[in-house]
Amino acid sequence: MLLDLFVSVLVLLGAAFTLLGSIGLARLPDFFMRLHGPTKATTLGVGALVLASLLHVGGEAGTGGLRELAVALFLFITAPITAHLLSKAALAEERRSRSRSEIDEG
């Protein structure tokens, strides 16, 4: 009973964080702010959902929930790396466009 309540709270918390990250992706004005929403809030949301799944599957089947652990590990490793690479690419493109505009003006 207590485990079911904890799993339910984790699902609701995960859904709320995921929703907030998605709203941030849609509503924030520029690329760098839009990148922040999904990488932070959505990662926490999906992490809470995976943890809820791990507790639910592990509690009922008596297994370790290896799939859920693999998903969580993959998520928490790839999300920051992807965000970092996207931000570096956007900064490089911004620098190139600024230098082109300075050359055209000068």
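Miscellaneous remarks
- Each Cα pair under 8 Å and six or more residues apart adds its sequence gap; the mean of these over the residue count of the chain is a relative contact order of 25 percent.
- Nearest-0.05 FRET efficiency for residue 9 and residue 89, computed from C-beta distance (R0 35 Å): 0.40
- Taking 34, 95, 67 as the candidate residues, the one with maximal mean-square fluctuation in a Gaussian network model of the chain, Cα springs under 10 Å, is 95.
- Degrees separating the helix 2-27 axis from the principal Cα axis of the chain, which is the longest one: 10
- In plain terms, if you count all Cα to Cα distances in the chain and split them into 5 Å steps from zero, the share in each step is 2, 12, 15, 16, 14, 11, 9, 6, 5, 3, 2, 2, 1, 1, 0 percent.
- Computed from point charges on the beta carbon alone (+1 for Lys and Arg, -1 for Asp and Glu), the dipole magnitude for the chain about its Cα centre is near 160 Debye.
- Rounded to the nearest 10 degrees, the inclination of helix 43-61 to the longest alpha-carbon principal axis of the chain is 20 degrees.
Just so you know, all these numbers are worked out from the coordinates, no wet-lab data involved. Computed from a prediction, not measured in an experiment: that's the story for all the values here. Note that we place each Cβ from the backbone using ideal geometry, even for glycine, and neighbour counts take in every protein chain shown.
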